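K.L.:
One structure follows; several queries about it will come next.
The values are calculated or read from the model by the stated rules, or taken from the named source; none is laboratory data. It should be emphasised that the depicted structure is a prediction, and the values quoted were computed from it without experimental measurement. Because the Cβ atoms are built from the backbone with ideal geometry, glycine has one as well, and the counts that use them run over all protein chains shown. Calculation scope for accessible area: heavy atoms of the full protein, side chains included, ligands and nucleic acids excluded. Shrake-Rupley method; radii C 1.70, N 1.55, O 1.52, S 1.80 Å.
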Amino acid sequence: MREIPEKIKKWVLNKYVITILVFAAVMIFVGEQSYRVRLHKARQISELEEQRDTYQRAIEEARHDLQVLQTTDSLEKFAREKYLMHAENEDVYLVDE
């Protein structure tokens, strides 16, 4: 029974095994290219891509609104609906649904 721990001890104390374990620990925990830093950067990239998509949708909506507002009738309708503007002789009533 005493032989198994000796074999394990020899294997663990082998210089190649120690070198590989130290190298793996350094790659995982230390430096700019560590696994931890890569995960953090991957999360940042996904958040930034979501923000980019949100801003692109907002830009498309603004472009659509700009195309709609090129005519005078739609400009007046837009001002009335979005900003609750009205003519001097009109009353505005807001109805919540």
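K.L.:
Could you tell me which of the residues Val12, Val26 is at pLDDT 80 or above and either open to solvent by less than 100 Å² (accessible area, probe 1.4 Å) or not hydroxyl-bearing (Ser, Thr, Tyr) (or both)?
P.N.:
Val26
K.L.:
Consider only pairs whose beta carbons are under 9 Å apart and that are at least six residues apart or on different chains; among these, list those whose first residue lies in the range 32-55 and is surrounded by 10 or more Cβ atoms within 10 Å (Cβ to Cβ) and whose second residue is in a loop (DSSP other than H, G, I, E, B) and at pLDDT below 90.
P.N.:
Pairs found: Val37/Gly31.
K.L.:
Might you let me know whether the range 32-53 holds any residue that is of a type in the set (Lys, Arg) and at pLDDT below 90? Lay out the reasoning, then the answer.
P.N.:
Just the residues of the range 32-53 that are of a type in the set (Lys, Arg), to begin with: 36, 38, 41, 43, 52.
From what is left, the residues that are at pLDDT below 90 are 36, 38.
Yes, that holds for at least one residue.
K.L.:
I'd like the full set of residues that are part of a helix (DSSP H, G or I) and of a type in the set (Ser, Thr, Tyr), limited to the range 31-57.
P.N.:
Tyr35, Ser46, Thr54, Tyr55
K.L.:
Would you confirm whether any residue within the range 9-30 is assigned to a helix (DSSP H, G or I), polar (S, T, N, Q) and on the phi < 0 side of the Ramachandran plot?
P.N.:
Yes, the range 9-30 has at least one match.
K.L.:
Can you pull out every residue in the range 58-97 that is surrounded by 10 or more Cβ atoms within 10 Å (Cβ to Cβ) and in a loop (DSSP other than H, G, I, E, B)?
P.N.:
Leu69, Thr71, Met85, His86
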